[in-house]
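Let me begin by presenting the structure, written as structure tokens, before commenting on it.
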Amino acid sequence: MTTLNNKKIILGVTGSIAAYKAATLVRLLVKEGADVKVVMTNAAKQFITPLTMATLSKHPVQVEFFNPENGDWNSHVKLGLWADLMLIAPASANTIGKMACGIADNLLLTTYLSARCPVALAPAMDLDMYAHVAQQQNLALLRLRGVHVVEPPFGELASGLQGQGRMEEPEEIVRFVQMLLEKKACLSGKHFVVTAGPTYENIDAVRFIGNSSSGKMGYAIAEELACRGARVTLISGPVHMAVRRPGITLCKVASAKEMYEAAVRFFPDSDGAIMAAAVADFTPESCVEGKLKRGKDALSITLTPTKDIAAHLGSIKKENQTLVGFALEVANEHANALKKLREKNLDIIVLNSLNDPNAGFNFDTNKVCIIDKTGKEASYALKSKVEVAKDIVDTLSEWAA
Ligand code: CTP
């Protein structure tokens, strides 16, 4: 099914090395059923040819106010009124600055000023330009005026530097456009807490009891929430993962106790929490100072139960908060998941079974069944954790709407 059927989109392309990605972008938008007209700045033509963009969009590309051959006027007013969305990708620092100031010295800018439809832009520039206070103030001003910004992710830039500033990938921009035009699943203004990864329970200064949770599921959920505009506090146990997206504040913890304390701190000011961490259920009664010495006798360690973080959040949850838990089960999967949903006062539970090959702990893929407290449930095929995160956030969005 095409998701952008009959949607009219103006794609503004400005002078940035990321302009080469605009070709893929237009192709993907057209594939989704959109009618795309491209407006380019003169600088953009240095990076990608109008011929490429015209061929892919199946419309002539507009650059100048007038056709120099016959004096025909390229009406920015008509174009602005025609569109359901104006998307500027890549948006250079120069164009963003001019948009913020209301400067109208090219067709792209006059079209922007005439457009009555929603406007989105995907910035593309080097990290220091992006971080510059002038740039950030321009973006803040445009956001205040209702312009939607597709945040650049962190990563390698054309300059070879690492940081935030490169344009988001075309596939992600298309998803942003779909969300914007469907007006669904937009979580801007919401704040969610996500727990991820294992916990380490210390036996002595150098040894611990842990588990092999990779954190991949929790990090994918945090990214998906941030991608849909939510602010995320990611409480993470020790993992080898990096936060890639702005909008995610990382709170690193090690033990179940630290994770509990962080969750209790951040949950009250949130719209909900997703408990993807594999929290230890038991912790050594006491932690030996220094290092345990080798001995000839058997050694026993007394373990005491940890606090159930999800159950505690369930007990303090307010009506407008949504709580999502996971259930990793080996037997009686369904019944056990429903029991956890009830006993922890969750709204949604994500069931994964240890019996499914390639699913759960440490894999890149997962196979889940999502059940809500009204009894509605959906089973999904084995997919990448990034895709599973989308299914979970889709379900959450319905609750948090
Ligand atoms: N959980 C938690 N705090 C704990 C234990 C679990 O927040 N101390 C959360 C997990 O993050 C998950 C849900 O509770 O969202 C269920 O975790 P799971 O390990 O499947 O179940 P447990 O409640 O620990 O019970 P059991 O291990 O006996 O199945």
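The values are calculated or read from the model by the stated rules, or taken from the named source; none is laboratory data. The structure presented is a predicted model; accordingly, all values stated were derived computationally and were not measured. Every residue, glycine among them, receives a Cβ derived from its backbone with ideal geometry; neighbour counts consider all protein chains shown. Keep in mind that these areas ignore ligands, DNA and RNA; they rest on the heavy atoms of the full protein, side chains included. Shrake-Rupley method; radii C 1.70, N 1.55, O 1.52, S 1.80 Å.
Brief remarks follow.
- Per-peptide average of other Cβ atoms within 10 Å, ordering 281-288, 297-304 highest first: 281-288, 297-304
- Label-to-label distance, nm, for residues given as LYS78 and ASN362 (7 Å Cα→Cβ offset): 6.4 nm
- Each peptide in 289-295, 164-170 receives the mean, over its residues, of other Cβ atoms within 10 Å, and ordering these scores from highest gives 164-170, 289-295.
- Projecting the Cα atoms of LEU303, LEU292, SER315 onto the dipole axis of the range 268-324, where Lys and Arg carry +1 and Asp and Glu carry -1 at the beta carbon, places LEU292 farthest toward the positive end.
- As a rough guide to protection, the peptides 267-276, 26-35 ranked by mean Cβ packing within 10 Å, highest first, stand as 267-276, 26-35.
- Take the Cα of LYS45, go 7 Å toward its beta carbon, and the backbone nitrogen atoms of the range 1-36 under 20 Å from that spot belong to 11-23.
- Note on the range 220-319: with charges restricted to the Cβ of Lys and Arg (+1) and Asp and Glu (-1), its dipole about the Cα centre is near 340 debye.
- Cross-link partners of LYS45 among lysines, defined as those whose alpha carbon lies under 16 angstrom from its own and excluding same-chain residues fewer than eight positions apart: LYS21, LYS37.
- Beta bridges per DSSP with both ends in the range 173-322, % antiparallel, nearest 5: 25 percent
- Globularity index of the range 191-400 is 1.03 (Cα radius of gyration / 2.2 N^0.38 Å, N = number of residues).
- The separation of the range 269-347 from the range 188-242, counted between C-alpha centres, amounts to 14 Å.
- Dipole magnitude of the chain about its Cα centre (Cβ charges: Lys, Arg +1; Asp, Glu -1), debye to nearest 20: 200 debye
- Computed with a 1.4 Å probe over protein heavy atoms only, the accessible surface of the chain comes to 48 Å² per residue.
- Applying 1/(1 + (r/R0)^6) with r as the Cβ-Cβ distance of GLU258 and ALA158 and R0 = 35 angstrom yields a FRET efficiency of 0.30.
- Viscosity 1.002 mPa s, 20 °C: Kirkwood-radius Stokes-Einstein D of the chain over Cα pairs, µm²/s: 92 µm²/s
- Estimated inter-spin distance, THR52 and LYS307, nm [label 7 Å along Cα→Cβ]: 5.6 nm
- Cut-off under 5 Å, modelled amide H: who pairs with GLY272 long-range: VAL193, THR322
- With a Förster radius of 51 Å applied to the beta-carbon distance between LEU250 and ASN5, the computed FRET efficiency rounds to 0.85.
- Using a probe radius of 1.4 angstrom, the carbon and sulfur fraction of the accessible surface of the chain is 53%.
- Taking the Cα centre of the range 8-184 as origin and assigning +1 to Lys and Arg Cβ atoms and -1 to Asp and Glu Cβ atoms, the resulting dipole is close to 440 debye.
- Aspartates and glutamates whose Cα lies under 16 Å from that of LYS291, excluding same-chain neighbours fewer than 8 positions away: GLU201, ASP204
- Under 10 Å, Cβ to Cβ, from LEU85 - net charge with Lys/Arg +1 and Asp/Glu -1: +1
- Listed values for the range 13-21 are Karplus-derived 3J(HN,Hα) couplings in whole Hz (6.51 cos²θ - 1.76 cosθ + 1.60, θ = phi - 60°), namely 10, 10, x, 7, 4, 5, 4, 5, 6, and x replaces Gly and Pro.
- Estimated from the Cβ-Cβ distance and a Förster radius of 41 angstrom, the FRET efficiency linking ARG342 and VAL133 is about 0.20.
- Counting only DSSP beta bridges with both residues in the chain, the antiparallel share comes to about 30 percent.
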